[in-house]
Amino acid sequence: MSQSLLLDGKVAVITGGAGLNGLGFATARMLAAQGARIALLDLEQANPAAAAAELGPQHIGLVANVTDKAACDAAAAEIVKRLGRIDVLVNNAGITQPRKTLDITSADYDAVLDVSLRGTLFMSQAVIPTMQAQKSGSIVCISSVSAQRGGGILGGPHYSAAKAGVLGLAKAMAREFGADNIRVNCITPGLIATDINKGKIPEDKRAAILDGIPLGRIGEPSDVGGCIVFLASDLSKYCTGITLDVNGGMLIHG
């Protein structure tokens, strides 16, 4: 008898998932390969329906701005209506800005904190009642190594703060919803080659960065996607409130 897939019959929601070279879409591919049906959420200009069609006809793409609570709730309701359940949420949507502390404006702060932190809260709130009714669920929040090491790569201090906020929020939710068999975990990627940072690393800085990574390379989206598959599936069924470092050894801490 053939081995059953890790996510057979499961439905996975990925925010910010429509960019074909991004973490979200790479993750969608890997979750789908394990049997999950995928709902990609993204902004209208990212065309989530077209991205979902790339994955196959059983997947859906919905327009939703994660900073808008009503949009998150509507998207969750539509997913349950069309796919029947929600088993996995990947809070992937985020934006970054290379600012120094004294240059961060109110608008910069609002933009970065809203998408990463408010979006993670609103989308989690939107799916948790369904997961509670099912008595199962896995929420994976994408933070960043910059939250742990205090920035210093590409994003400004407000990005580090937003991603550190995601860590605290996820741990608190893990504590609150464990009794409902809902697991909430974080991934802290290091430098990953995606469109968000394409062409942003000058060659001289690149060499110095690689010197600080024991595995000697910048990460690929699938490096993160594989770890999300692990946290989404029952392979990690006794893991909640954890922070999984995916950084090639850039930050090794006790």
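Please go through the range 125-150 and pick out each residue that is of a type in the set (G, A, S), crowded, with 22+ Cβ neighbours inside 10 Å and either within 13 Å of the chain's Cα centre (by Cα) or within 21 Å of I196 (Cβ to Cβ) (or both). Correct list: S138, S143, S144, S146, A147. The residues listed here are S138, S222, S160; of these, the one that is modelled with pLDDT of 95 or more and outside any helix (DSSP H, G or I) is S138.
Listed by first and then second residue, the pairs with beta-carbon distance under 9 Å, at least 6 apart or on different chains, first residue in the range 4-16 and under 13 Å from A76 (Cβ atoms), second in a loop (DSSP other than H, G, I, E, B) and of a type in the set (K, R), are V11/R85. For the range 1-36, a residue qualifies if it is out of contact with any strand residue (DSSP E or B) (no Cβ under 7 Å at 6 or more places or on another chain), of a type in the set (S, T, N, Q) and modelled with pLDDT of 95 or more, and exactly one does: Q34. Residues of the range 214-254 being crowded, with 20+ Cβ neighbours inside 10 Å, farther than 22 Å from G152 by Cα and touching a residue at least 60 places away in the same chain (Cβ under 8 Å), which ones? Once the filter is applied, which keeps residues that are crowded, with 20+ Cβ neighbours inside 10 Å, farther than 22 Å from G152 by Cα and touching a residue at least 60 places away in the same chain (Cβ under 8 Å), the range 214-254 yields G225, I228, V229, L231, A232, S233, T240.
Within the range 225-249, track down each residue that is assigned to a loop (DSSP other than H, G, I, E, B) and either under 20 Å from F177 (Cα atoms) or at pLDDT below 95 (or both). Once the filter is applied, which keeps residues that are assigned to a loop (DSSP other than H, G, I, E, B) and either under 20 Å from F177 (Cα atoms) or at pLDDT below 95 (or both), the range 225-249 yields S233, K237, Y238, C239, T240, G241, I242.
Quick grid of which residues meet (1) over 24 Å from F230 (Cα atoms); (2) among the hydroxyl-bearing types (S, T, Y):
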site	(1), (2)
I86	no, no
N92	no, no
P98	yes, no
Q125	no, no
I142	no, no
S146	no, yes
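For the range 51-61, enumerate the residues that are in contact with a Leu (Cβ under 9 Å, 6 or more places away or on another chain) and surrounded by fewer than 20 Cβ atoms within 10 Å (Cβ to Cβ). Scanning the range 51-61 gives E54, Q58.
Just to be sure I understand, how many residues within the range 27-47 are of a type outside the set (D, E, K, R) and surrounded by 23 or more Cβ atoms within 10 Å (Cβ to Cβ)? Qualifying residue count, the range 27-47: 8.
Comparison of G152, G168 shows that the only residue that is free of Cβ contacts under 8 Å to residues at least 40 places away in the same chain and part of a loop (DSSP other than H, G, I, E, B) is G152.
For V145, the requirement of being more than 26 Å from D211 (Cα to Cα), aliphatic (A, V, I, L, M) and modelled with pLDDT of 95 or more is not met. Of all residues in the range 75-94, those that are touching a residue at least 40 places away in the same chain (Cβ under 8 Å) have Cβ atoms under 6 Å from Cβ atoms of residues that are of a type in the set (G, A, S) and outside any strand (DSSP E or B), 6 or more apart or on another chain, in A75/A64; A76/A126; V88/A232; N92/G16; N92/G24; A93/G16; A93/G119; G94/S116.
Suppose the filter is touching a residue at least 40 places away in the same chain (Cβ under 8 Å), out of contact with any Pro (no Cβ under 7 Å at 6 or more places or on another chain), of a type in the set (G, A, S) and surrounded by fewer than 20 Cβ atoms within 10 Å (Cβ to Cβ); does G190 pass it? Here the answer is no, as G190 does not meet what is asked.
The values are calculated or read from the model by the stated rules, or taken from the named source; none is laboratory data. The shown structure was predicted, so the numbers you read here are calculated from the model rather than taken from an experiment. Glycine gets a Cβ as well: all are built from the backbone with ideal geometry, and neighbour counts include every protein chain shown.
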